[in-house]
1. Using Stokes-Einstein with the Kirkwood hydrodynamic radius over Cα pairs, what translational diffusion coefficient do you get for the stretch 39-122 at 10 °C and a viscosity of 1.306 mPa s, in µm²/s rounded to a whole number?
2. What is the packing order of peptides 265-274, 101-110, taking the mean over residues of other C-beta atoms within 10 Å and listing the highest first?
3. State the Cα centre-to-centre distance between the stretch 25-58 and the stretch 97-144 in whole Å.
4. Would you mind estimating how fast the chain diffuses translationally, via Stokes-Einstein at 37 °C and 0.692 mPa s with the Kirkwood radius over Cα pairs, in µm²/s?
5. Using only the Cα atoms of the stretch 81-147, what semi-axes does the equivalent ellipsoid have when each is the square root of 5 times a gyration tensor eigenvalue? Give whole Å, largest first.
6. Could you give P(r) for the stretch 178-312, binned at 10 Å from zero, as whole percent values over all Cα-Cα pairs?
7. Return the ratio Rg/(2.2 N^0.38 Å) for the stretch 8-150, where Rg is computed over Cα atoms only.
8. Please arrange 159, 48, 215, 132 by how many other C-beta atoms lie within 10 Å of their C-beta, fewest to most.
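What follows draws every value from the coordinates through simple rules; no lab data is involved. In this text, all values refer to a predicted model and were calculated from it rather than measured experimentally. We place every Cβ from the backbone using ideal geometry, glycine too, and count neighbours over all the protein chains shown.
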């Protein structure tokens, strides 16, 4: 019955555990199981102690789990956008990635929902009151609603792609793309609307989130195909990865441009709170090594120097790039709330403000890293049970040829 709705391979425990016992595969299996155990332990500790298990406070109410939620939904939107270049906009060398990229988009947003579900306190209550008393003027409400619709659209897109129904898959793919972009820019607006936080307030983040999502999608596709084919690519994969590298190089160049003007406008005029916080960020290792060096500069230099030909080096740089993307999300949360809010005292003396120091607890780290284990486990299940590549149960690609 299920096979008529969503074509799949034989679903058995034997098939699930049947993988080549190479050292790398055993390592990945062990890491995944370990991360899942960490998520379970962290979740249990949260259920016992509530938000007291986290390092957040009234002064710094957002923490690592919000950062990881953003990390996952950025990854999902990025994969959706890049996949749409093929089966929606018909860029020939991108067409065959559709099912794999969309499946990646599904599992990353589910992982994001798992993380945020352990941060907001009452996810079931949220779902009920989002429906019966919607806060239409709230950017967070809009983000939640749009991402729920987005998940439904990309699930339908994956089902239709798996059923070789590319006409309707294109329709749902376009819908998922538009709603995903709307949801993601709305997520950026959650920060842009923070009028009490001069560091974040403004139009930058709704646009920046879309750009960083596309970069994240490129990094993930390099890692997915590097792992899938063990760095040994045939001609059509080689062409696709070179095209993807050129696209990534362009996006990274735009990101560098964005970052230059972001910090120039933050520092210019020495506006209290905004300039002080920006100068502190520019001196931090998280930004210099994590965001700038790993997340942008190293991949960009490799692409530029090799003219997008050094695919193996770019794949390794993409691993560092994803670490850089994590720092972008973590710093976004930490830096935005770093400067303390001040009371409006006119007569009574108050001490000069000092920057707030937030550190995640072990529970937050266990849940955050454990969510990566959820993604890896779901990806492995998808790889074993579904047809993620063209020419697997898919007549559409029987006569498929890439542009050489």
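1. Translational D for this selection: 110 µm²/s.
2. 101-110, 265-274
3. 20
4. 146
5. Those come to 32, 15, 8 Å.
6. Distribution as computed: 11, 34, 32, 17, 6, 1 percent.
7. 1.30
8. If I rank by nearby Cβ atoms, fewest first, I get 132, 48, 159, 215.
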